[in-house]
Structure formats: C-alpha cells, structure tokens
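Worksheet: one structure, shown below.
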Amino acid sequence: MPEPAITPMPYTGPSDAYDSQPPLTAVERVTNTFVAPTKTFADLRRSTSWWLPFVLMVVCGYIFAVAGLTHIGPRGLAESSIRNNPTQNERMQNASPEQRAQTMAITATIIQWSLYVTPVFLLVFAAIGAGLLWMGFNFLLGGKTTYYGMFAVTMFSFLPGCFRSLLGTVMVFAGDPDSFNLNDPVGTNPGFYMGADSSVFLKTLLGSVDIFALWILLLMGIGGAIVARVKVKSGVVMVLAAWLIFVLVKAGIVAATS
C-alpha cells in the first residue's frame, strides 16, 4: 500500500535527544504508541506516514460495526440510541404510532450508514484535530511544525480507539442487547453509571471524562509537543485545557436544549 506520507523539510534549528533516535518501522511506531509514545512521535519528525494506524482503526471499527449490525441489528441500535437520549425518547413517547415507525426507520438507516462510512469520519475528525493542534502549538506555544506533522500526531493518538472498538464488540455479544448503549458501549466514564434522572449537565460532563478520551488527549499533548519542539508539559496542559473548555461548553448546550 502506498504511504500517504510527507517527509518534513530538514530542520535547521537546535537539536535535542529525539533527533538522534534510530528510525522506526511502521509496526514499531504503532507498538511504541502504547508502550513508549515518545519514540513514535520523535520518529514523526523524520516521516509523517500514518497509513498503518488508519488501517488498524478502520479494521477495528468495522469489526464493531459488523458485530452490532448482525447481533443487535439496525433497529435494535436505533432503539438503543433513542432510549439513551432523553430528548429523543420523550419525543417518541409523545409521537403517534406512524411517527414512531418513521423515526425509528430513519434513525436505523442513519446509524447503519454512519457505521459503514467509519473511514470517512475518522479522516474528518483527524483533519479537524490536526488543524486545532497546528494552530495551538504554533501560535500559542511558539512551536515549529506543519499541518501534516500534526495530522500524523492525531492519527497515531487515535490508536487507543482500537481497544475501545474491540471492547465494544465484546459488549455486543456479552451484554444485554436491550440495554446496549451505542453512544457509550463500554462504560469507561462516570457518566455511564448515572441514572436517567441525574443532572443532564453533570451526566454529560462526567460522560466526557472517559479513559480512552483522556488517553488520546495525553498522546496528542505529548506527540504535538515533540513534533513541534516545545516542552511536553506545556503541550499536555494546552490540550487538556482546550478539552476542558470544550466539554464545559458542550455540557452547557446539552443541558440548555434538553
């Protein structure tokens, strides 16, 4: 498979310990993302190749999608989505039988196709994340990096999502299909365990404090800092601060519109 990679322009500024690291293979990059992430991100200074993490995430995503669509079914996933959305659930309760059937059919179709186009969503989210990292590290922290470098950082940082997809697949078969939550299938955040009558703001806020989300954010902070040649601590603090602002705004909007 051809690698959609761009070799960065030679850096002429002061060097550091990361510049003397031996080159890594594509497999070593993926492995080190989990056990020694600084090695992976240091290697992104040499080449921004990101095809392998993308392929792995697409495969894991499709494993989850096929499991959900075959074991629970599009209608079951639609019922789950509506049941776990208080606003939608209330509308369904007040709708006529014809409106309920129509809403259920539309929701099932949307969910089915959204699972099929996982690679497109992944690329879009990576593109947006890369743009935000590029602006943050260059203009807020005074780093020296390119959009392509931040795109590679984002793609490798997303790799923990593979574990989330695989755990979600396990829950599809091991859990109760009637209680399955497509939007939060593995329960790795405090909000998952809050009751339906809990504060919408607090439930949304705590639902964002997810193990995998924090893992990804930590990798973004470390990776962005190494590639942009700024302090790792500064990179991590910036990414987490931006995330905190985002989840507070998100929780406020969800609470106000519920």
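Rundown of residues vs (1) in contact with an Asp or Glu (Cβ under 8 Å, 6 or more places away or on another chain); (2) polar (S, T, N, Q), yes/no style:
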| site | (1), (2) |
| --- | --- |
| Phe158 | no, no |
| Cys162 | no, no |
| Pro177 | no, no |
| Asn183 | no, yes |
| Thr188 | yes, yes |
| Asp197 | no, no |
| Leu206 | no, no |
| Val227 | no, no |
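The criterion of being surrounded by 19 or more Cβ atoms within 10 Å (Cβ to Cβ) and among the small types (Gly, Ala, Ser) does not hold for Gly187. Just one of (1) within 19 Å of the chain's Cα centre (by Cα); (2) over 30 Å from Ala225 (Cβ atoms); (3) without any contact (Cβ under 8 Å) to a residue 24 or more places away in the chain fails for Ala101. It is (1). Taking the range 115-207 as the region of interest, the helices (runs of 4 or more DSSP H) fully inside it that hold 1 or more residues being in contact with a Pro (Cβ under 6 Å, 6 or more places away or on another chain) and of a type in the set (A, V, I, L, M, F, W, C) are 147-157, 161-174.
Of the numbered conditions (1) within 30 Å of Ser20 (Cα to Cα); (2) among the hydrophobic types (A, V, I, L, M, F, W, C); (3) assigned to a helix (DSSP H, G or I), Val230 satisfies every one except a single condition; which is it? Unmet for Val230, out of (1) within 30 Å of Ser20 (Cα to Cα); (2) among the hydrophobic types (A, V, I, L, M, F, W, C); (3) assigned to a helix (DSSP H, G or I): (3). Annotation note: Cβ proximity below 7 Å between a residue of the range 199-211 that is closer than 13 Å to Phe246 by Cβ and a residue that is among the β-branched types (Val, Ile, Thr) and assigned to a helix (DSSP H, G or I) (sequence gap 6+ or interchain) occurs for Thr204/Val254; Leu205/Val247; Ser208/Val247.
In the range 6-102, counting only helices (runs of 4 or more DSSP H) that sit wholly within it, the ones holding 1 or more residues that are modelled with pLDDT of 90 or more and touching a helix residue (DSSP H, G or I) at 6+ places or on another chain (Cβ under 6 Å) span 26-35, 37-43, 51-67. Scanning the range 41-57 for residues that are closer than 18 Å to Arg164 by Cα and crowded, with 17+ Cβ neighbours inside 10 Å, which turns out nearest to the chain's Cα centre (by Cα)? Only one residue tops the list, namely Met57.
The values are calculated or read from the model by the stated rules, or taken from the named source; none is laboratory data. From a predicted model like this one, the values you see are computed outputs, not experimental measurements. Using ideal geometry, Cβ is built from the backbone for each residue, glycine included, and neighbour counts are taken over all protein chains shown.
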